[in-house]
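Asks: Before we start, here is the structure in question, set down as structure tokens.
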Amino acid sequence: MSIRLRVIAALLAVVGFGASLHAQDAPAASTPQPKRTLLDQHEQSGMPGTVIILGTADIPAGGVVGWHIHDGDESGYVLKGNLVLKTRGKPDQVLKAGDHFFNPRGAVHSLAAAPGSDGGVALSTWIIDKGKPLAEPVK
């Protein structure tokens, strides 16, 4: 399979993954759905076996990306709005536009619209193991 086809397949898998992450926490179909958009993906130069992925998470009021992990690091920046980063074993991190966050490999975390807010948009860069999904849901 060509690299282009592998990237397209990986992007489609991740787009579907965003919905499945939310679905595990959703008690009703009317819960607002986050939207993940992948913008770019490249193999990391000089680091065989890793890929760099750039994408956004648009989380509407009341929306939440369910608990998950990454097989690599995530560095993020809040483009607009108000969000809450929940990381197991740590206090919640309230984020506003201009704030940044970091999730190390294997950290179980979730990102949600801040209560009473219109939600927000985060831009993330992930450096993950090649051949692994962008994220894996965790209960």
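Asks: Which of the peptides 31-39, 43-51 is most tightly packed, and how do the rest follow, going by the mean number of other Cβ atoms within 10 Å of each residue?
Replies: Final packing ranking: 31-39, 43-51.
Asks: Across region 20-130, how large is the tail of the calculated P(r) beyond 23 Å, expressed as a percent of all Cα pairs? The partial results should precede the final answer.
Replies: Values: 1563 of 6105 pairs.
Everything past 23 Å amounts to 26 percent.
Asks: Additional query: Among the listed pairs Lys35/Lys96; Lys86/Lys139; Lys90/Lys139; Lys35/Lys86; Lys80/Lys139; Lys96/Lys132, which are separated by more than 22 Å between their Cα atoms?
Replies: Over 22 Å Cα-Cα: Lys80/Lys139; Lys96/Lys132.
Every read-out reported here was derived from the displayed coordinates using simple, explicitly stated rules and does not represent laboratory data. On a predicted model such as this, the values are computed, not experimentally measured, just so you know. Here the Cβ is made from the backbone with ideal geometry for all residues, glycine too, and neighbour counts use every protein chain on show.
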